[in-house]
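Peer 1: Let me give you the structure first, and then I'll get to my questions.
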Number of protein chains: 2
Amino acid sequence: MTDHTRIALASRPQGAPTLENFRLETAALRDPGPGEVLVRVLWLSLDPYMRGRMDDVKSYAGKVELGDTMEGGGVGEVVASNSKHYAPGDIVVGRTGWASHAVLSETEMRKVDPELAPISTALGVLGMPGHTAWVGLNDILAAQEGETIVVSAATGAVGSLVGQLAKRKNMKVIGVAGGAEKCAYAVEHLGYEACIDHRSPDLAAELKALTPGGVDCYYENVGGATLEAVLPLMNDFSRIAICGMIAWYSGKGLEDAMRLPKMWRSILVKRMRVQGFIIFDHNDRFAPFAREVGPLVKSGEIHYRESVADGLENAPAAFLELLGGGNFGKQLVKVADKS
Amino acid sequence: MTDHTRIALASRPQGAPTLENFRLETAALRDPGPGEVLVRVLWLSLDPYMRGRMDDVKSYAGKVELGDTMEGGGVGEVVASNSKHYAPGDIVVGRTGWASHAVLSETEMRKVDPELAPISTALGVLGMPGHTAWVGLNDILAAQEGETIVVSAATGAVGSLVGQLAKRKNMKVIGVAGGAEKCAYAVEHLGYEACIDHRSPDLAAELKALTPGGVDCYYENVGGATLEAVLPLMNDFSRIAICGMIAWYSGKGLEDAMRLPKMWRSILVKRMRVQGFIIFDHNDRFAPFAREVGPLVKSGEIHYRESVADGLENAPAAFLELLGGGNFGKQLVKVADKS
């Protein structure tokens with residue numbers, strides 16, 4: 001047994017989480033068993049889906065129990081190994097949790113190639129968010145050349161790759177993001193033809209003006225006002241991929257939202273397809289994603305941006321900022337330097 | 001030019017339609033042009049989708065203009081032909097409208113085989129409703145053997161075939177219908193394992209008790225309380241085919257309906273697929289439908305039931321009854337006897 005530092009779930013949030021819901025502590029960590037390795041965490045990923053794990057409700061990936069380590073993906077280096085596939089010094093990515101060290105099974109981790117790109121990208125553009133962007137665009141939306149796509153959270157870890165991949169498909173790509181700085185970045189670096197601030201009082205009108213041919217694909221990360229602005233613009237046979245709904249994660253705005261019959265009627269009359277997806281169901285699509293996007297990141301053709309909090313102890317504050325849209329680019333926590 | 005009798009749209013309904021919205025009249029009918037035939041209508045089909053055509057809003061199939069003939073499918077006999085493909089005496093099905101006679105183009109009609117089944121079935125189990133049932137079950141829901149399906153409007157023109165085809169796939173088939181008589185019929189004749197009255201105050205609890213393994217497919221014809229009862233029971237990777245939403249067609253219940261975020265969250269967390277469809281987009285799937293279902297109707301393996309109003313003048317009242325769920329089986333109007 002060794003000690004490790006971790007962030008535990010101290011209490012469940014009522015609505016928006018606060019710092020009091022988290023607890024930094026030292027705790028014992030079991031030794032790795034057969035086929036397992038001990039990993040020293042270097043980078044931790046913060047992602048909106050983690051908000052759902054904090055609630056005491058059935059979730060697709062199980063909730064975090066009170067007192068347990070907050071869940072999450074991390075990149076680390078192997079320091080001890082009972083697996084013939086991994087050796088000390090290997091850089092790996094897996095579900096380390098919010099912690100300084102983790103025990104991972106060889107079946108639930110993979111090696112990271114430090115030659116391809118900075119290892120932190122295994123948590124972003126070349127990791128779960130990038131994989132999510134690629135599956136949503138290609139498999140769920142079945143996006144086609146020449147179509148118009150709207151991407152909400154356009155500069156987020158997922159949206160920033162959706163935009164660039166859609167542009168590479170010769171689609172018309174419109175973004176919605178939080179604030180002028182993000183919108184400018186979306187247009188300058190991510191291939192968006194235009195990007196609208198979701199706080200604009202004229203969101204619906206601006207979006208309509210930008211999509212005279214209507215919208216064929218909506219990559220949904222937020223719900224809320226953005227969804228209500230996009231819905232009337234959806235074309236016949238259009239598709240919505242529901243990847244997230246961050247605007248509604250903490251119960252805010254639920255009472256303002258439209259009634260179901262309006263959406264139901266749109267789906268019928270426009271023959272729409274609305275599909276939810278969770279990337280953990282699509283592991284078989286990681287390899288083709290990595291084959292396509294890896295070289296594009298290495299060559300610099302795909303742009304990515306990281307927002308880094310320094311030190312595990314700062315993970316809770318960075319997570320709260322992420323939920324509020326305060327981050328700019330893939331949100332990471334630098335836990336330790338490489339040895 | 002010949003005279004014909006027809007039902008015209010006299011005024012647009014405010015909410016539920018009334019008899020005053022329709023007008024029986026005699027009007028001139030143009031002669032058939034090249035490639036067209038003159039048809040004497042024998043049977044007229046009444047279908048819920050017609051409600052949408054009465055409104056002054058953009059609809060997938062265009063609205064009926066004030067003073068124009070109400071739209072609808074009919075079976076008739078050719079009395080004069082300018083098409084080399086059709087001869088007087090042929091029995092045909094096409095979009096005749098609510099009228100005693102119609103001019104149809106050879107490209108928008110097809111022959112009916114009187115040897116296969118009674119010609120009125122070309123408007124029901126072997127026509128548009130049957131085609132709708134088959135496409136929704138096979139193409140939209142991609143229903144699989146062993147899965148559980150819930151069918152609303154279980155004994156309607158569409159639902160009655162969905163139930164039987166699902167049973168033939170060895171699915172667990174649960175119906176929701178209006179009243180004890182329809183429910184008994186669903187179980188006795190249509191292959192439903194059970195059928196619940198949608199007016200039951202315990203609809204949600206009854207449905208839950210009948211589906212201990214959850215629901216994989218929901219064939220949606222009604223919306224309203226039935227949808228709200230089914231939604232919590234939907235399994236991961238389940239599908240909803242939106243074929244109709246008759247409970248909400250006239251604006252009733254819209255304010256009682258759930259807010260969108262609840263549905264949105266379910267679609268995401270359960271990785272559901274919700275798809276609307278309209279049968280007129282699926283003409284290429286008529287032939288395989290007819291090849292499968294035609295012989296089953298001829299052999300008596302597929303059961304169907306008709307509700308017949310006698311005389312074109314009674315079409316409006318029969319249509320209002322249909323919208324209220326008062327019909328039992330495919331609603332037809334007998335316009336004339338075969339010559």
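None of the figures in this text is laboratory data; all of them are computed from the coordinates on show. None of these values were measured; they are calculated from a predicted model. Heads up, the Cβs are rebuilt from the backbone with ideal geometry, glycines too, and the neighbour counts pull from every protein chain shown.
Peer 1: Determine, from the Cβ-Cβ distance of A:A205 and A:E145 and an R0 of 22 Å, the FRET efficiency 1/(1 + (r/R0)^6), rounded to the nearest 0.05. Could the numbers behind the result be given before it?
Peer 2: On the way: r = 28 Å, r/R0 = 1.27.
For R0 = 22 Å, the calculated efficiency reads 0.20.
Peer 1: Modelled label-to-label distance, B:E321 and B:V57, 7 Å Cα→beta-carbon offset: nm?
Peer 2: My value for the distance between the label points is 2.8 nm.
Peer 1: Pick out which of B:W264, B:W134, B:W98 has the largest mean-square fluctuation in a Gaussian network model of chain B, springs linking Cα atoms closer than 10 Å.
Peer 2: B:W264
Peer 1: Moving to a separate point now. For region A:6-59, which trypsin sites (Lys or Arg not before Pro) are in a loop by DSSP, counting at most 13 other Cβ atoms within 10 Å?
Peer 2: Of the trypsin sites (Lys or Arg not before Pro), the ones in loops of region A:6-59 whose Cβ has at most 13 other Cβ atoms within 10 Å are A:R30, A:K58.
Peer 1: From the square roots a ≥ b ≥ c of the eigenvalues of the alpha-carbon gyration tensor of region B:128-279, which class results: rounded (a/c under 1.5), prolate (a/b over b/c), or oblate?
Peer 2: Numbers: a/c = 1.27, a/b = 1.14, b/c = 1.12.
Rounded, since a/c falls under 1.5.
Peer 1: What does the C-alpha gyration tensor say about the overall shape of the protein assembly as shown? Classify as rounded when a/c is under 1.5, otherwise prolate if a/b is larger than b/c, or oblate. Don't jump to the answer; show the numbers that get you there.
Peer 2: On the way: a/c = 2.49, a/b = 2.13, b/c = 1.17.
Since a/c reaches 1.5 and a/b is larger than b/c, the shape of the protein assembly as shown is classed as prolate.
Peer 1: Can you tell me the relative contact order of chain A? Whole percent, Cα pairs under 8 Å, sequence separation 6 or more.
Peer 2: On the way: 729 pairs, mean separation 58.1, N = 339.
About 17 percent, as a whole number.
Peer 1: Within 10 Å of each Cβ in B:287-294, how many Cβ atoms from other chains are there, averaged over the peptide?
Peer 2: Details: counts 0, 0, 0, 0, 0, 0, 0, 0.
Other-chain Cβ atoms within 10 Å of each residue's Cβ, averaged: 0.
Peer 1: Once you've got the GNM for chain A with C-alpha springs shorter than 10 Å, pick whichever of A:K262, A:K270, A:K63 has the biggest mean-square fluctuation.
Peer 2: For chain A, modelled as a Gaussian network with Cα springs under 10 Å, the answer is A:K262.
Peer 1: If Lys and Arg each add +1 and Asp and Glu each add -1, what is the summed charge of the other residues whose beta carbon sits under 12 Å from the beta carbon of B:I279? Don't jump to the answer; show the numbers that get you there.
Peer 2: Working: positive: A:R271, B:R285; negative: B:D47, B:D139, B:D281, B:D284.
Once all neighbours under 12 Å are counted, the net charge is -2.
Peer 1: If we count every other residue with Cβ under 12 angstrom of B:A8's Cβ, Lys/Arg +1 and Asp/Glu -1, where does the sum land? Walk me through the numbers on the way to the answer.
Peer 2: Details: positive: B:R6, B:R23; negative: B:E25, B:E65, B:D68, B:E71.
Net local charge, B:A8 excluded: -2.
Peer 1: Further, regarding this structure: If each label sits 7 angstrom from Cα along the C-beta direction, how far apart, in nm, is A:A205 from its counterparts in the other copies?
Peer 2: The projected label point of A:A205 is separated from its counterparts by 5.1 nm.
Peer 1: Next up: In nm to one decimal, list the spacings between the B:L24 label point and its equivalents in the other copies, with label points set 7 Å along Cα to Cβ, shortest first.
Peer 2: 8.5
Peer 1: Also, quick follow-up: Summing +1 for each Lys or Arg and -1 for each Asp or Glu, what net charge is found among the other residues whose Cβ lies under 15 Å from the Cβ of B:A117? All intermediate terms of the calculation are to be shown ahead of the outcome.
Peer 2: Numbers: positive: B:R110, B:K111, B:R291, B:K298, B:R305, B:K330, B:K338; negative: B:D113, B:E115, B:E292, B:E301, B:E306.
Here the charged neighbours net out to +2.
Peer 1: Which of A:T96, A:T155, A:T211 moves most in a GNM of chain A, Cα contacts under 10 Å?
Peer 2: Maximum fluctuation in the GNM of chain A, among the listed residues, is at A:T211.
Peer 1: Using a 4.7 Å cut-off between beta carbons, which cysteines in the protein assembly as shown end up with no partner cysteine at all?
Peer 2: A:C217, A:C243, B:C217, B:C243
Peer 1: In addition: Once label points are set 7 Å from the Cα along Cα→Cβ at both A:L66 and A:E301, what is their separation, rounded to one decimal in nm?
Peer 2: With each label placed 7 Å out from Cα toward Cβ, I get 5.3 nm.
Peer 1: My understanding is that a pair violates if its Cα-Cα distance is over 20 Å; which of B:K208/B:K252; A:K208/A:K270; A:K172/A:K252 do that in this structure? Each step should come with its number before you reach the end.
Peer 2: Numbers: B:K208/B:K252 26 Å; A:K208/A:K270 17 Å; A:K172/A:K252 31 Å.
Distance filter (> 20 Å) returns B:K208/B:K252; A:K172/A:K252.
Peer 1: Mind checking the mean number of beta-carbon atoms from other chains within 10 Å of the Cβ atoms in B:241-249?
Peer 2: Details: counts 1, 9, 1, 1, 7, 0, 1, 6, 1.
Mean partner shielding for this stretch: 3.
Peer 1: Which distances, in nm and shortest first, link the B:K169 label point to the same label point in every other copy, taking 7 Å along Cα→Cβ?
Peer 2: 2.7
Peer 1: Okay, which of region A:1-21 sit inside 15 Å, backbone N to the point 7 Å along the Cα-Cβ direction of A:L254?
Peer 2: A:13-17
Peer 1: Here's a follow-up. For region B:1-135, what is the relative contact order in percent, using Cα pairs closer than 8 Å and at least 6 residues apart in sequence? Before the final figure, lay out each step's value.
Peer 2: Details: 289 pairs, mean separation 34.7, N = 135.
After rounding, I find 26 percent.
Peer 1: A follow-up question, please. What does the structure give for A:302-310 when I average, per residue, the other chain Cβ atoms found within 10 Å of the residue Cβ? Mind dumping the intermediate values first?
Peer 2: Values: counts 0, 0, 0, 0, 0, 0, 0, 0, 0.
The per-residue average across the peptide is 0.
Peer 1: Right, next: Could you work out how far the C-alpha centroid of region B:95-111 sits from that of region B:249-300, in angstrom?
Peer 2: With region B:95-111 and region B:249-300 each reduced to a Cα centre, they are spaced 27 Å.
Peer 1: Closest to the B-onto-A rotation axis, which residue of chain B has its Cβ, and how many Å off the axis is it?
Peer 2: B:V274, 2
Peer 1: Where in chain B are the DSSP H helices whose C-alpha atoms run 18 Å or more along the long axis and whose mean Kyte hydropathy is at least -0.5? Please list the in-between numbers first.
Peer 2: Details: long enough: none.
The qualifying helices: there are none.
Peer 1: What is the set of long-range amide H partners of A:S307 at a cut-off below 5 Å, with H atoms built 1.01 Å from backbone N?
Peer 2: Answer set, sorted by chain and number: A:K330, A:Q331, A:L332.
Peer 1: With runs of 4+ DSSP H residues as the only contributors, calculate the mean residue ellipticity of chain B at 222 nm using -39,500 (n - 2.57) per run, divided by the residue total and rounded to the nearest 500.
Peer 2: Numbers: 9 runs with 79 residues, N = 339.
So the helix-based figure for chain B works out to -6500 deg cm²/dmol.
Peer 1: So how do A:Y86, A:Y218 line up by other beta-carbon neighbours within 10 Å, fewest first? Spell out each step's value before the answer.
Peer 2: Working: A:Y86 21, A:Y218 27.
The order, fewest Cβ neighbours first, is A:Y86, A:Y218.
Peer 1: Quick one: Karplus J couplings for region A:30-39, per residue in order, coefficients 6.51, -1.76, 1.60, θ = phi - 60°, nearest Hz, x for Gly and Pro?
Peer 2: 5, 6, x, x, x, x, 10, 10, 9, 10
Peer 1: How would you classify region A:32-185 from its alpha-carbon gyration tensor, with a ≥ b ≥ c the square roots of the eigenvalues: rounded for a/c under 1.5, else prolate if a/b is greater than b/c, otherwise oblate? Could the numbers behind the result be given before it?
Peer 2: Numbers: a/c = 2.33, a/b = 1.69, b/c = 1.38.
Because a/c hits 1.5 or more and a/b exceeds b/c, region A:32-185 counts as prolate.
Peer 1: How far apart, in nm, are two points set 7 Å out from the Cα along the Cα-to-Cβ line at A:K338 and at A:D31?
Peer 2: 3.0
Peer 1: Apply 1/(1 + (r/R0)^6) to the Cβ-Cβ distance of B:A80 and B:D284, taking R0 = 30 Å, and write down the FRET efficiency to the nearest 0.05. Numbers along the way, then the final one.
Peer 2: Numbers: r = 31 Å, r/R0 = 1.02.
It comes out at approximately 0.45.
Peer 1: How high is the relative contact order of region A:128-279, in percent, with contacts defined as C-alpha pairs under 8 Å that are six or more residues apart?
Peer 2: Values: 297 pairs, mean separation 33.3, N = 152.
About 22 percent, as a whole number.
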